[in-house]
Structure formats: structure tokens, C-alpha cells
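The values are calculated or read from the model by the stated rules, or taken from the named source; none is laboratory data. Just so it is clear, the structure is predicted and the values come from calculations on it, not from any experiment. Cβ atoms come from the backbone with ideal geometry, glycine included; neighbour counts cover every protein chain shown. With ligands, DNA and RNA removed, areas are computed over all heavy atoms of the protein, side chains included. Shrake-Rupley method; radii C 1.70, N 1.55, O 1.52, S 1.80 Å.
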Amino acid sequence: MIKKLLPHPALSVTLIVVWMLLANQLTLGGLVLGVIIGLVVPILTSPFWPDRPRVRFGPPTWGYLAIVLWDIVTASFQIAVIVLFRRSKDLRSAWLVVPLDVRSPEAITMLAGTISMTPGTVSCDVSSCGRALLVHALDTPDPEAEVARIKRRYEARLKKVFA
């Protein structure tokens with residue numbers, strides 16, 4: 001019964017939170033409407049997600065989010081220094097091919113989104129077989145080390161989140 005009422009609990013919570021943020025005020029009516037949306041939308045969309053991924057909402061997810069937030073903040077300062085104090089011709093930009101160990105489309109999307117959110121890198125394409133990700137790095141002295149860092153810092157943690 002509870003599985004039919006809450007087919008995607010994380011989606012329900014996300015929809016409620018996003019609704020309240022969009023409303024920009026905390027009222028009982030807004031919360032009730034958010035809960036209704038959070039219950040109805042997952043029920044209506046559940047037939048379209050027959051093989052939904054198993055996501056571990058716990059220490060692996062919180063650790064991943066903490067690493068991503070930390071990397072976004074530190075990379076922002078690094079990019080600011082590059083933009084303010086380095087000449088364009090001194091940049092060592094590179095195209096990186098990151099071989100993927102994760103297989104689920106959701107995990108690949110999370111990895112690509114994480115890379116794009118981190119200043120200085122952007123994910124550009126996924127290979128047709130889903131086994132490699134093309135990434136552009138603004139300034140990297142060692143492309144192989146950057147690929148290893150992406151795999152160690154993000155992909156290894158995503159494998160635990162989507163276990």
C-alpha cells in the first residue's frame with residue numbers, strides 16, 4: 001500500500017521542497033499544495049520509471065554532496081585567479097576522455113552534471129555506448145591526473161550512491 005502511495009519517496013520530498021522554494025513563503029496552504037503535488041506527480045509518472053535506480057540516501061550521498069560543494073567553492077576561487085592574473089595564451093586547456101565504470105543513465109547524468117557545475121570543467125558528450133564521457137578542462141597541466149581525479153573524487157563516490 002505504501003509503495004503505491006509513495007512510489008518515489010525522494011522525488012516526492014524533492015517536489016515538496018522545490019514547491020515551497022518557488023512559493024517563497026511558508027504557509028499551511030502552500031505546504032498542503034506541495035504535499036499534494038509531491039504525492040500525485042510520482043504516482044502519475046511511475047509507469048515511466050519501471051527500472052528506477054536504487055539510490056542510497058545516507059552517508060554516501062551526504063559525503064558526495066559535501067565533496068561537490070567543497071570542489072565548487074575551491075574551483076571558483078581557482079578560476080577567479082586564472083581569469084584575473086593569467087594570460088589566455090598561458091592556459092593549458094584540454095579535452096579529456098573519462099572512461100566510465102558507472103552504467104546507469106542516472107549515475108552518468110549525475111557525474112556529467114557534477115563536472116559541469118564545477119567551475120573550470122564542462123562535460124560535453126557521452127559516447128554512444130555510454131562507456132566514456134568527453135570533458136573540457138579550462139586549465140590542466142596533466143590531463144591524465146585530471147581524469148584520475150574525476151574518477152577518484154566523483155565516480156567512485158557515485159558508485160556507492162547508486163549501489
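Some values worked out for this structure:
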item	result
Pairs, first closer than 25 Å to Val83 by Cα in region 116-141, second of a type in the set (Val, Ile, Thr) and open to solvent by 50 Å² or more (accessible area, probe 1.4 Å), C-beta under 8 Å, six or more apart	Ser116/Val122; Leu134/Val97; Leu134/Val126; Val135/Val97; Val135/Val122; His136/Val122
Residue selected from region 82-101 under the condition among the β-branched types (Val, Ile, Thr) and out of contact with any strand residue (DSSP E or B) (no Cβ under 8 Å at 6 or more places or on another chain), by the criterion most open to solvent (accessible area, probe 1.4 Å)	Val83
2 or more residues not aliphatic (A, V, I, L, M): qualifying strands (runs of 3 or more DSSP E) within region 64-163	94-99, 121-126
Region 63-84 residues that are under 12 Å from Thr114 (Cβ atoms), paired with ones that are surrounded by 13 or more Cβ atoms within 10 Å (Cβ to Cβ) and aliphatic (A, V, I, L, M) (beta carbon under 9 Å, 6 or more apart)	Tyr64/Met110; Tyr64/Leu158; Tyr64/Val161; Val68/Met117; Asp71/Met117; Ile72/Met117
Single match in Thr140, Thr109, Thr114 (criterion: closer than 30 Å to Ser12 by Cβ and surrounded by 17 or more Cβ atoms within 10 Å (Cβ to Cβ))	Thr114
Ser104 being more than 14 Å from Arg157 (Cβ to Cβ) and surrounded by 15 or more Cβ atoms within 10 Å (Cβ to Cβ)	yes
Among (1) surrounded by 12 or more Cβ atoms within 10 Å (Cβ to Cβ); (2) out of contact with any Leu (no Cβ under 6 Å at 6 or more places or on another chain), the one test that Arg152 misses	(1)
Residue ID - nearest to Ala163 (Cα to Cα), chosen from residues in region 24-56 that are polar (S, T, N, Q) and exposed (fewer than 14 other Cβ atoms within 10 Å of the Cβ)	Thr45
Matching residues in region 26-57 - criterion: being assigned to a loop (DSSP other than H, G, I, E, B) and at pLDDT 90 or above	Thr27
